[in-house]
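> Encoded as structure tokens, here's the structure I'll be asking about.
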Amino acid sequence: MRNYLKHYINGEWVESTGNETEEVINPATEEVIGTISLGTKEDLDKAVQAARDAFPSFSKTPKEERIKLLENIAAEYENRKEEIIETITAELGSPKSISENVHYMMGYNHFSQAAESLRDFSFIEDRGGHTVMKDSVGVSGLITPWNFPTNQISTKIASAFAAGSPVVAKPAELTPFAAIILTEIFDKVGVPKGAFNLVNGSGSVIGDGISSHPDIDFVSFTGSGAVGQKIMQNASERIANVALELGGKSPLVVLEDADVENAARAAVSHIATNSGQVCSAATRVLVPSSMKDSFEEAIKKVLPEFPVGDPQGDNHIGPLVSQKQWNTVQSYIEKGQEEGATLLVGGTGKPEGLDKGYYAKPTVFTNVNNDMVIAQEEIFGPVTCLITYDTIEEAIEISNDVKYGLAGYVFGEDEQTLAKVASSIRAGRVKINDAEADFAAPFGGYKQSGIGREWGDYGIEEYLEVKTVLGYPKM
Ligand code: NDP
């Protein structure tokens, strides 16, 4: 049992001022695996005060010291590898291979990338007539979701530390344990007192408290659009800056000259990895009408490469995070059928033999019209839609005909067409074929997918204010 009933404030594990606790459930077994304390506004105030007190010195630490700090965090993170993998599998239900190759690695990459980006980062720039300086933004409040327990919190903390911003973090109640390991890592490597504070608790108390706190200068949030909107409203009361990484309904455009089987494999892998609970997942697959039949056959052929089952085994797809998320996904599958889309594979209910655990069937709808609810709303589960198109212009139009703009994917051979489609998709990140991941590349959304960019030097910029000095002495 993991019982973590303390918050981390001003460099110490401290008792909560309240008595409320929350049980954490393993979504594969539906059993309780631990308990956390639900923090109070008083706990939050103490954490914000600690961060405020840390600000004058932390924001002025030499760059070299902050690089070393990030490197030490990355090294200690490596030391905790097995525990991080095991914890993410237990709290999120992600198969061990995904916990290792995706979740563990993303956390590691953000800390080491931040150290790397900081090395080349300039906080002062002589621009001929004037000087531009970059100052830490102040105290940052970080609110993160359950779907990537190390990725989102690590990119935010790594960038904040690189910029010299003390933070108060609140992870999601559903998956709080990975953040507790991170906190132990910070404690071990000697993150300065007050520069990192962790308050566990509900979104309605601690999350809302962060976004409305008068002493928090900047709020970085990842999660749903509805909560993102509330955070902006709260922050607007004191004109505080926000960064929002919200949802997506990203297109995967298959071109006429694409390898059908590879593209079908990519389409399935988007809804298989993390059980489709990925903001940047492609969940609308745009296929030339002439390729419809062969693409559908290819989907059926590659599907068995992504078995669903016990995350402790060799499966690729684990359960969804919670009963609530399972119910949401089921209602979207029902909705798709009501709307007249055709089930190519999958459907409602649990996969055969998996009665316990929040498992859903990988589901591919075909004959989908882009106006349907299943093509417009983020489902956050293993569900995708096949939509046909006749011309490249039509494919681009359908790609952009959605309120989101987080990511896009293009598969094909002809470089001119790939470039045309990639540059026309209105989204913050577009991937062509199997291009490799790059943690220095900015990540964030257009339209209702959010505001701001994370990762690498763009991520560091979010935690900085820009100051112009006219007549600064040349030294
Ligand atoms: P939420 O947006 O509710 O949760 C994300 C984080 O915000 C959690 O830490 C949550 O706390 C916190 N939170 C909740 N309410 C508030 C509030 N009023 N003020 C400040 N913080 C708050 O997402 P859900 O977990 O409810 O998921 C719902 C849907 O959102 C998903 O189905 C998916 O479509 C989308 N989503 C998108 C994500 C992305 O990566 N873009 C990530 C997660 C979800 P707590 O949960 O502890 O109460």
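The values are calculated or read from the model by the stated rules, or taken from the named source; none is laboratory data. Predicted model, so just to flag it, every value in this text is computed and none were measured. FYI the Cβ positions are ideal-geometry reconstructions off the backbone, even for glycines, and counts take in every protein chain you see. Surface areas here come from the heavy atoms of the whole protein model, side chains and all, with no ligands, DNA or RNA. Shrake-Rupley method; radii C 1.70, N 1.55, O 1.52, S 1.80 Å.
> Grab the strands (runs of 3 or more DSSP E) fully contained in region 246-354, keeping just those with 2 or more residues being within 20 Å of the chain's Cα centre (by Cα).
The qualifying strands (runs of 3 or more DSSP E) are 250-254, 282-288.
> Out of region 330-377, which residues are in contact with a Phe, Trp or Tyr (Cβ under 7 Å, 6 or more places away or on another chain) and open to solvent by less than 50 Å² (accessible area, probe 1.4 Å)?
Gly336, Ala341, Leu344, Pro351, Tyr358, Ala360, Pro362, Ile374 - these are the residues of region 330-377 that are in contact with a Phe, Trp or Tyr (Cβ under 7 Å, 6 or more places away or on another chain) and open to solvent by less than 50 Å² (accessible area, probe 1.4 Å).
> If you take the residues in region 206-230 that are more than 11 Å from the ligand (Cβ to nearest atom) and surrounded by 24 or more Cβ atoms within 10 Å (Cβ to Cβ), which one is farthest from Met105 (Cα to Cα)?
Once the filter is applied, the top-ranked residue is Ile216.
> Another question, then. Ile374 versus (1) on the phi > 0 side of the Ramachandran plot; (2) part of a helix (DSSP H, G or I): which is the lone unmet condition?
(1)
> Further, regarding this structure: Hey, among the residues in region 182-205 that are of a type in the set (Val, Ile, Thr) and open to solvent by 10 Å² or more (accessible area, probe 1.4 Å), which one's nearest to the ligand (Cβ to nearest atom)?
My answer is Val205.
> Could you count how many residues in region 261-290 are touching a strand residue (DSSP E or B) at 6+ places or on another chain (Cβ under 8 Å), more than 14 Å from Val383 (Cβ to Cβ) and either outside the structural domain of Pro382 (by the TED database) or open to solvent by 10 Å² or more (accessible area, probe 1.4 Å) (or both)?
Residues in region 261-290 being touching a strand residue (DSSP E or B) at 6+ places or on another chain (Cβ under 8 Å), more than 14 Å from Val383 (Cβ to Cβ) and either outside the structural domain of Pro382 (by the TED database) or open to solvent by 10 Å² or more (accessible area, probe 1.4 Å) (or both): 5 in total.
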